[in-house]
Every structure is written in structure tokens, then in C-alpha cells.
1. Given the options Thr42, Thr239, Thr79, state which has the largest fluctuation in a GNM of the chain using a 10 Å cut-off (strictly under) for Cα springs.
2. Dipole of the range 38-330, Cα-centred, from +1 at each Lys and Arg C-beta and -1 at each Asp and Glu C-beta, to the nearest 20 debye?
3. Normalising by the residue count of the range 38-330, find the relative contact order in percent from Cα pairs under 8 Å and 6+ residues apart.
4. Using a Gaussian network model of the chain whose springs link C-alpha atoms within less than 10 Å, name the residue from Leu284, Leu160, Leu129 with the highest mean-square fluctuation.
5. How much FRET efficiency would the formula 1/(1 + (r/R0)^6) give for Gln112 and Lys61, where r is the Cβ-Cβ distance and R0 is 35 Å, rounded to 0.05?
6. Just check the chain against the gyration tensor rule for me: Cα atoms, a ≥ b ≥ c as the square roots of the eigenvalues, rounded for a/c under 1.5, and otherwise prolate or oblate depending on whether a/b exceeds b/c.
7. When the accessible area of the chain is split by element with a 1.4 Å probe, what percent falls to carbon and sulfur?
8. At 222 nm, what helix-only mean residue ellipticity would the chain give, in deg cm²/dmol to the nearest 500, using -39500 (n - 2.57) for each DSSP H run of four or more?
Amino acid sequence: MKLLPTLVPALAALPFAVLAAPATYDAELSGFTYPHPVEHFTFTSQGQPLQMAYMDVKPAKPNGKTVMLMHGKNFCGATWEQTITTLSDAGYRVVVPDQIGFCKSSKPQHYQFSFQQLATNTHALLEKLNVQHLTVLGHSMGGMLSTRYALMYPQQVEQLVLVNPIGLEDWKALGVPYQGIDAAYQGELKTDAESIRAYQRSTYYAGHWKPEYDRWVNMLAGMYAGPDKQKVAWDQALTTDMVFAQPVVYEFPHLKMPTLLLIGGKDNTAIGKAQAPAELKPKLGRYEELGKRTAAVIPQATLVEFPALGHSPQIQDPAAFHQALMGWLAAPHNGT
């Protein structure tokens, strides 16, 4: 079929998303390409067989050190692509798991999600890989999980890096009302590419947008548009409840290892903010204040701030982010 000449200019002016809808993915993100080969760790947890997807990237010239990267709630192991390359080029072995309930890992429909359980699962993976000592680097929800992991396994974690971690405040204690899992599930079912993009633009990238960010939008939107939408949405509701109900903020003083905080100051992430009273909303997710407050209570903390960046500085300004990260990792004060 030939297009009428008068229609061609009009079609060319339409957004790409209208011309070609994003791909759809099943519950384990099949078909979405990761930057390195994906392996699967099979284990039993809470009476059911599960698979944890992970990348284990070995450097061409090893320096004998390992870094584990923990993804956030709206992220996957693949979103660490540039950080993996930077660390691997510097000689680090890089282990990048997808947590149970997320991305290419199993989506159990009946599971007691807790940061302790996810840390236990991840510790079992590292035992399988014979990783005895490492640096743990977590972003967003992965920052909460990395904190819990470091508290549970302080002899294994030599250094801790937290990138715009959520959980720097206790939302429920501040007055954010609890949203039940059923209500959260109904909200998750409404998620699509448009809503993901709008949220990421305002929160992850401080109001800015680049075309390459669409890859991560489509990664998430494809699962919500795919055949397993209900499974994906249900686990997202369960893990939102985990994040809201299991604060780590009170335990930061107990961290024993050198800790780097990499904070985009324009971030405004706060779980449940949409349900918060109007007078409370402006007080939540103030990362320009939360970073300083958190650094003050962690015994061996170093704070690096990116005042103009949002929730994902490693994606928004990878050059500045990786310069700060690699400089800290190489510094003698880390005790490694």
C-alpha cells in the first residue's frame, strides 16, 4: 500500500512513539537486551523455587576487587550500563543482580518481601560466586537494600556507596498516610509509558529530557503493557509496601564501613507523597537537606553533591558521577 503524498509530511511530524509503539515484555523482561550476558541463580525461598537474574562482568585486567550494583525500584541491572563499563575498565569485577520481584528475576505472587529477605537472597548469590569481600553500591531503593545488606554482613562489605537512596526519612512517621496493597495494585495497573516518562522527567532528571532516556521508559512500560501486567503490578505493589513500612533511617549510625553518599540535589522522591496532606508534601524528599543530614549521622561518611541533578545522577551526568565515584574508590581513606 502506498501512502498518499499529502499524508507523508503529517506522519513524519508525529512523535516516534505514535509511529512505533514500544515493545512489550513478559514478567521476566524476555527480549530486552542487557549490556552483558545474563545468568540465573536458582534457589528456594519461602518454600518456592525462584530464579535471580544477574550479570557477572569480569574485567580484562583484574585489580582483585569486586563491586556489586543494586538497582532501584523503577530500575533494572541494565540501567547500570555505563557504571559497569567504568568499573570494569578500571579492573573491578562487577556483579549486578536483578532482585526477586523485579526485571528478569522471578515474580512470586505470594512472598513476604523484606529488605532482610532480599539481602539474604543476594548473600546466597555472592556465596555461589565465591565473593568474600566487596564494595556495595546501591541506587534509590537499592540504597535501602544496600544499607540493610551492609548492616547484616558488615564483615563482608568493605565499602558502601549510596546514590540518591530512598529511605533517608521515615515517611509514615512524618505523617504520610498508609496506602494498602490493594489500592497500590490498582494504581500500578494504570502505569504506562506516558506516566513513567512524566515522573522520570520531573524527578530523575530535574525537568530535563534526552532521547536516550526513552530506553529505560520503554523497558518498564513494556512489562506493564505485556501479557503478565498483573503479575508485574502486584509485585510492584508488594515492594512499595516493603519500602514504606521498613525504614532504615534509624540505623545509619550503625554502619561500620567507609560510606560515600552521591546525591543529586534536585531529587524530590518520597514514597506516598501523592497521598500526603497538602501542607506536608513540600517538606518531603528534600534531598538538598537529606544528603547533609544523612552524612552527619554515618560515622565514616563522605558526601558528594550534584546540586543541579535529580534522582539519577549516574544517568543524567555520567561523567561527573563517575569521576566522583572512581576518585573516592581510589582514595587511601577507604582502608582497602
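The values are calculated or read from the model by the stated rules, or taken from the named source; none is laboratory data. Note that the structure is a prediction, hence the values are computed from the model and not measured. Cβ: placed from backbone, ideal geometry, glycine included. Neighbour counts: every protein chain shown. Each accessible area value is taken on the protein alone, full model and side chains, heavy atoms only, with ligands, DNA and RNA left out. Shrake-Rupley method; radii C 1.70, N 1.55, O 1.52, S 1.80 Å.
1. Per the Cα network of the chain with a 10 Å cutoff, Thr42 tops the list.
2. Working: 25 positive and 25 negative charges, 26 e Å.
Roughly 120 debye, rounded to the nearest 20.
3. Working: 549 pairs, mean separation 51.9, N = 293.
Computed value for the range 38-330: 18 percent relative contact order.
4. Per the Cα network of the chain with a 10 Å cutoff, Leu129 tops the list.
5. Working: r = 42 Å, r/R0 = 1.21.
Result of the calculation: an efficiency of 0.25.
6. On the way: a/c = 1.39, a/b = 1.30, b/c = 1.06.
Rounded.
7. Whole-percent figure for carbon plus sulfur exposure: 56.
8. Numbers: 13 runs with 122 residues, N = 336.
The per-residue figure over the chain is -10500 deg cm²/dmol.
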